[in-house]
Amino acid sequence: MQTTSKTPVSAYDFHLPEELIAQSPAADRGTSRLLRITRSDGGIKDGTFTDIVGLIDDSCFLVVNSTRVMKARLYGRKPTGGMVEILVLEKLEDNFCLCLTKGNVKTGTILNFPDASAVIEQMREDGTRLIRFSEEPSDVMNRHGHIPLPPYIRREDTQDDASRYQTVYSADEASVAAPTAGLHFTQEILDRLKAKGVQILELSLNIGIGTFRPVKADYLEDHDMHTEKYFISADTAAEINRLKAGGKKLVAVGTTAVRALESASAGGQVRAGYGETDLFIKPGYSFRVIDRLITNFHLPKSTLLVLVTMFAGYDLTMQAYAHAVENGYRFFSYGDAMFIE
């Protein structure tokens, strides 16, 4: 790719047949395909995700995002009978939530559920709404909510999605989308890695709706990156720094883990604590702590695809994506995986 003063978003476009967009998870967790990319020699090799156990040894350690997807899509009925769709973006204090809505609402609108209610307290200029629930929002979501599947999955959620659109290690319920690279791991695969001496560390980054928003600008430099909150415990940060100092290679599971780790790093050290990141990894960026990456296949012209090209190299990444399309790999959230060495 030629270097110019600005980077055209069109450089990150590719043809993706619609039938390759996975609409459902693999029949069994852990059975997806795995495309292995080797940066040192430009190698591209087909395999299955269970191969990851043989590709990672005790010279490496994994960092995963333990966030859990909320049942964030709710349907409330107005006193007039009209239905309003609510997407809970973030839980706040005192039963307040930051939300998006579909349907005719205004400040003061009451929305009823079978055994609870909510009130539109504020209409914000950015299109979000501040909504106050009559009880703990998590309880309302757990009873009446739906898993907010990505817009490219063109079906209603099912009971199966309640478990399959979560990682087996998910814990902190605060996201509207899954850290999809982690969906491939079964407990058996994790146990086999641990038995080889591979440490698995957790952080949490709350994935927002911005992860699905396309880049609408013509150039990367003109794109406003969305902000996401993350947390890295003192124990996790200390262990990452200890292992890195000892020469271990950090394998990030997913681009969300990458954003949290790179945002929290300075001078080769990862800092503990809460943080917010609007980090956009694009041309000119130098990685600080990531050594290897497990990721899914991302949308054309997306910030996540740009991130992957920065890690694996532009030409190699685009060759790998062309290979994946030609060989029928499944794309996006419920799709196949890629391991970049």
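Only the coordinates and a few stated rules stand behind these numbers; no lab work does. Computed from a prediction, not measured in an experiment: that's the story for all the values here. Every residue, glycine among them, receives a Cβ derived from its backbone with ideal geometry; neighbour counts consider all protein chains shown.
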With springs only between Cα atoms under 10 Å apart, run a GNM on the chain and tell me which of THR31, THR80, THR128 wobbles the most. THR80
Dimensions of region 1-57 along principal axes (Cα, Å, largest first)? 45, 32, 14
Of the options VAL84, HIS144, GLY127, report the single residue whose Cα projects farthest towards the positive end of the charge dipole of region 73-144 (beta-carbon charges: Lys, Arg +1; Asp, Glu -1). VAL84
Table column - 3J(HN,Hα) (Hz), region 250-263, Karplus curve with 6.51, -1.76, 1.60, x for Gly and Pro: 8, 9, 7, 9, x, 5, 5, 5, 4, 4, 5, 5, 5, 6
Rounded FRET efficiency, nearest 0.05, which uses the C-beta distance separating ASP278 from SER10 and R0 of 25 Å: 0.60
How large is the convex hull of the C-alpha atoms of region 73-144 per residue, in Å³? 77 Å³
Starting from region 82-186, pick out the trypsin sites (Lys or Arg not before Pro) whose DSSP state is loop and whose Cβ has at most 16 other Cβ atoms within 10 Å. LYS106, ARG124, ARG154, ARG155
Nearest-0.05 FRET efficiency for GLN319 and ASN104 at R0 = 45 Å, using Cβ-Cβ distance, is 0.40
Which entries of LYS102/LYS216; LYS71/LYS194; LYS194/LYS248; LYS6/LYS244; LYS78/LYS216; LYS91/LYS249 have Cα-Cα distances beyond 25 Å here? LYS71/LYS194; LYS6/LYS244; LYS78/LYS216; LYS91/LYS249
Measure out, as a whole number of angstrom, how far apart the alpha-carbon centroids of region 241-312 and region 20-43 sit. 20 Å
Taking a ≥ b ≥ c as the square roots of the Cα gyration tensor eigenvalues, with a/c under 1.5 meaning rounded and otherwise prolate when a/b beats b/c or oblate if not, the chain comes out prolate
Please find the FRET efficiency linking ARG213 to GLU18, where r is the Cβ-Cβ separation and R0 is fixed at 22 Å, and quote it to the nearest 0.05. 0.65
Looking at region 154-260, which GluC sites (Glu not before Pro) are in a loop (DSSP not H, G, I, E or B) and have at most 10 other Cβ atoms within 10 Å? GLU156
Potential extension, THR50-ALA245 segment - 0.36 nm per residue separation minus Cα distance: 67.3 nm
Out of MET318, MET83, MET225, a Gaussian network model of the chain with alpha-carbon springs under 10 Å gives the largest mean-square fluctuation to MET83
